Amino acid sequence: MNQGAGQVDPRRSIPRTDALLALPDVVAARERLSEATIAARIRAVTDRARRCELAPGDVVAAVVDAVTRTGPSTQTSVLNATGVVVHTNLGRAPLGDAAIAAIVDAAGYVDVEMDLDTGVRSKRGVGARDALLTACPAAEDALAVNNGAAALVLATTALAAGREVIVSRGELIEIGAGFRLPDLIASTGARLREVGTTNRTHLADYADAVGPDTGCLLKVHPSNFRVSGFTSGVDVAALARLGRDRGIPLVVDLGSGLLTPDPVLPDEPDATTALRAGADLTTASGDKLLGGPQAGVILGRADLVQRLSKHPLARAVRIDKLALAALEATVAGPVAPVMRSLHADPQRLRERTEALADAVGGELVAHDGRVGGGGAPGIPLPGFAVRLPESAACPLRTGTPAVLARVHDGATLVDLRCIPENDDQCVADAVRAAMEPR
Ligand SMILES: *Cc1c(COP(=O)(O)O)cnc(C)c1O
């Protein structure tokens, strides 16, 4: 609209910054936020008012909201009502109480590289190593690094830099967000020697490729997709035999981090089985089915694990003390939330979902959960959900607490599989609030 002469520009009534800085809520926010953060959050509000996206009369309320709604970290905790257990966009595995307590303890000064009995320097990560070896006795040694990709890069670099890594074409996967395994390995200075075809690779393909330049054999679990139909691959035992005959180590990238077989996921590889079948090293993520923090877990032959840990790159992919503490507590502690959600008792799930449906006036429907996070693609986890109108999803997501439900087929589906039972009441309250007419 044209601003006629003589009319006062409403933007002139935007409160001045010094007045906003003097608001009691803003003054109080200095306990929680830096000056620069407060100034930036105020500026974001006044800029919106200057662009006429916000009425000048609403500026004070918006500023108060901006400095009180979130603390210095803007990450907001979310109740995962999608039924997807390892949800990549929600930070993969939620930590259990034992891991959370360990992180809090490790947050200050901590004996991560100090033996308190003798007062001398000790090796970093011995506790996590011992916990992993107790949980997976098939491994001679263990090393934790920054993440699964780092574990793989460290293994291929230490074993095959300047040489060849032999891998099946059917296993050249993209692990997510555009990161491709072949690029990752090439970045280490090892050359990929691809064998077989997308759908079929035979032992002879590997055997023919082995030569003086071979650094290692690599088997990758294609954790986020499935090739079906006319397919064949070579199992770990056969590859391990080939490797032993030719004196070449076999690295198996498991991906999901199961240490032992899980009956719910019969096709998901695990470290114990791979090592017993002859794998020399396995690599995996800490925050998928292992249920811990972001980490990479390397298990296997003692001489090779030592070689990896002494490689200069090991320092660049070092795990931080918080993750180390959480990893140890996850492995040594009680069943982690990921496993509780994966193995949720269907009968109990049904009772909880029925109670929610009754409380909010929604409809109980059958609903399959998923492993998610690039694990066990296509495996349904039979369960239940409360069906709500599609319009409930947005207020649920943006409410307090934030509840992420699944939007599917024109409906919002609230699945309690990944919700701790203690939070059922929270979810019911959130759903009721989301259904209120606004
Ligand atoms: C997830 C995955 C990775 C990458 O692990 P990050 O922990 O995400 O770095 C590598 N390989 C496989 C097979 C995976 O499933």
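The values are calculated or read from the model by the stated rules, or taken from the named source; none is laboratory data. The structure displayed is predicted, hence computed values, not measured ones. So basically every Cβ, Gly included, is an ideal-geometry build from the backbone, and we count neighbours across all protein chains shown. Accessible surface is based on the protein model in full, side chains and every heavy atom, while ligands, DNA and RNA are left aside. Shrake-Rupley method; radii C 1.70, N 1.55, O 1.52, S 1.80 Å.
Counting only lysines at least 8 places from LYS123 when in the same chain, those with an alpha carbon closer than 23 Å to its own are LYS310, LYS321. Take every Cα pair under 8 Å whose residues are at least 6 apart in sequence, average their separation, divide by the length of the chain, and the relative contact order is 19 percent. In order along the range 154-162, the Karplus-derived 3J(HN,Hα) couplings, from 6.51 cos²θ - 1.76 cosθ + 1.60 at θ = phi - 60°, round to 5, 5, 6, 5, 5, 9, 9, 4, x Hz, and Gly and Pro are given as x. Label positions at ARG121 and SER391, each projected 7 Å from the Cα along the C-beta direction, are separated by 6.5 nm. Karplus-derived 3J(HN,Hα) values for the range 355-364, using 6.51 cos²θ - 1.76 cosθ + 1.60 with θ = phi - 60°, are 4, 5, 4, 5, 5, 10, x, x, 10, 7 Hz; glycine and proline are entered as x.
Near the amide H of HIS408, within less than 5 Å, lie the amide hydrogens of LEU413, all on another chain or at least 5 residues away, with H placed in the peptide plane.
Accessible area per residue for the chain in Å², computed with a 1.4 Å probe and the full protein assembly in place, what is it?
On the way: 21730 Å² over 438 residues.
About 50 Å² of surface per residue is accessible.
If R0 is 45 Å, the Cβ-Cβ spacing of ALA402 and ALA204 corresponds to a FRET efficiency of close to 0.25. Using a probe of 1.4 angstrom, how much of the accessible area of the chain is carbon and sulfur, in percent? Carbon plus sulfur share of accessible area: 52 percent.
Given R₀ = 56 Å, FRET efficiency for GLU421-ALA39 by Cβ-Cβ distance, to 0.05?
Numbers: r = 43 Å, r/R0 = 0.77.
My answer for the efficiency is 0.85.
When the surface is traced with a 1.4 Å probe over the full set of protein chains, SER309 keeps roughly 40 Å² accessible.
When the chymotrypsin sites (Phe, Trp or Tyr not before Pro) in the range 196-284 are filtered for DSSP coil states and for at most 15 other beta-carbon atoms within 10 Å of their beta-carbon, the remaining sites are PHE225, PHE230. Using the rule -39500 (n - 2.57) for each DSSP H run of four or more residues, divided by the residues of the chain, the 222 nm mean residue ellipticity is -10500 deg cm²/dmol. Each residue, VAL365 and SER13, gets one label point 7 Å from its Cα in the Cβ direction; the gap between the two is 4.8 nm.
Proximity of backbone amide H atoms, modeled 1.01 Å from N, is registered between VAL195 and VAL167, SER168, ARG169 at under 5 Å, excluding neighbours fewer than 5 places apart on the same chain.
Working note: Karplus 6.51/-1.76/1.60 with θ = phi - 60° gives the range 285-290 the couplings 8, x, 10, 9, 6, 5 Hz, where Gly and Pro are set to x. Close amide-amide hydrogen proximity is noted between MET114 and SER122, each under 5 Å apart and 5 or more residues distant or on a separate chain (H modeled in the peptide plane; Pro and chain starts excluded).
Given 0.36 nm per residue, what is the gain on full extension from GLU351 to ARG180 after removing their alpha carbon distance, in nm?
Difference between extended and current length: 57.3 nm.
Between VAL60 and ASP235, the modelled label-to-label distance comes to 7.4 nm, taking each label 7 Å out from Cα in the direction of the beta carbon.
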